[in-house]
Amino acid sequence: MNEQPADQSSQYQRWADSVVAGLQATTETDQALIRALHGAAVLSEEIAFQRADAIRAAALGLPPAACAAAAGISAGLFADWCARDPAFRSAVDSAKALADTHGSGAAVSAGGLRLVLNAIKGGASFADATALIGVSLLQFRRLREENPKIHALVDAASSMRRRQKTGSAKKRSTHKGYRLVRRDGT
């Protein structure tokens, strides 16, 4: 009788490990496609992908801090983009209106869960990760307790963070933190 839950738990954990490992795939694929086209990273195209990610997050009904996190930028830069680019601000506002009109009403959406997992994987505390999407830590803990798949996903993200920490000490000595990016399309 105890074997079945253990088997199910390990099955969920294998599945969750696979899902969390794939969270970065879209960003890495976008960057690889840009390099294939141009031979190097092109800042304007990277920013276009970041803006699209922010607008997608807004369309999922996520708050501005989550839109910034989805784009991989700071909340301040997101606010600056909105202030300086009327077309971007209009797109964000339209996406928010779409979410308000057609939103699911769920406290945590799949897009929000992705951001929480990425934040945990990146080293954020559970409280900070859940606050990012406007959900209290207590709400998220309840969701995690009620849903073994969510529990497994959070465990996988935490585990990946620990693995990255141990591997980052080796990388730090060889990686200087710089990367070459073309500012124009040439």
Next item on the list: Confirm whether Arg179 is in a helix (DSSP H, G or I) and either at pLDDT below 90 or of a type outside the set (Gly, Ala, Ser) (or both).
Entry: no
Next item on the list: Could you pull out the residue among Ser94, Ser125 that is under 30 Å from Leu138 (Cα atoms), at pLDDT 90 or above, exposed (fewer than 14 other Cβ atoms within 10 Å of the Cβ) and not basic (Lys, Arg)?
Entry: Ser125
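Scan the stretch 15-26 and give yes if some residue there is surrounded by 15 or more Cβ atoms within 10 Å (Cβ to Cβ) and part of a loop (DSSP other than H, G, I, E, B), otherwise no.
Yes; the residues of the stretch 15-26 include at least one that is surrounded by 15 or more Cβ atoms within 10 Å (Cβ to Cβ) and part of a loop (DSSP other than H, G, I, E, B).
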Check: Here are some conditions: (1) touching a helix residue (DSSP H, G or I) at 6+ places or on another chain (Cβ under 8 Å); (2) open to solvent by 60 Å² or more (accessible area, probe 1.4 Å). Arg35 meets all but one. Which one does it not meet?
Finding: (1)
Check: Any idea how many residues of the stretch 97-122 are of a type outside the set (Lys, Arg), buried (at least 16 other Cβ atoms within 10 Å of the Cβ) and under 22 Å from Ala21 (Cβ atoms)?
Finding: 11
Next item on the list: Considering only residues that are of a type in the set (Val, Ile, Thr) and open to solvent by 40 Å² or more (accessible area, probe 1.4 Å), look in the stretch 40-86 and name the one that is farthest from Ser109 (Cα to Cα).
Entry: Ile47
Margin query: Taking the condition of being outside any helix (DSSP H, G or I), modelled with pLDDT of 90 or more and either on the phi > 0 side of the Ramachandran plot or over 19 Å from the mean Cα position of the chain (by Cα) (or both), how many residues in the stretch 135-176 meet it?
Written below: 1
Check: Is there any pair linking a residue in the stretch 37-62 that is within 19 Å of Val92 (Cα to Cα) and at pLDDT 90 or above to one that is among the basic types (Lys, Arg) and surrounded by 14 or more Cβ atoms within 10 Å (Cβ to Cβ), with Cβ under 6 Å and at least six apart or on different chains, and which?
Finding: Ala58/Lys96
Checklist line | Residue under evaluation Phe78, criteria (1) touching a Pro at 6+ places or on another chain (Cβ under 8 Å); (2) at negative phi; (3) in contact (Cβ under 8 Å) with a residue 60 or more places away in the chain, criterion not met | finding: (3)
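The values are calculated or read from the model by the stated rules, or taken from the named source; none is laboratory data. Source: prediction; values computed, not measured. Cβ coordinates were reconstructed from backbone atoms using ideal geometry, including for glycine residues, and neighbour counts include every protein chain displayed. Side chains included, ligands, DNA and RNA excluded: accessible areas come from the protein's heavy atoms. Shrake-Rupley method; radii C 1.70, N 1.55, O 1.52, S 1.80 Å.
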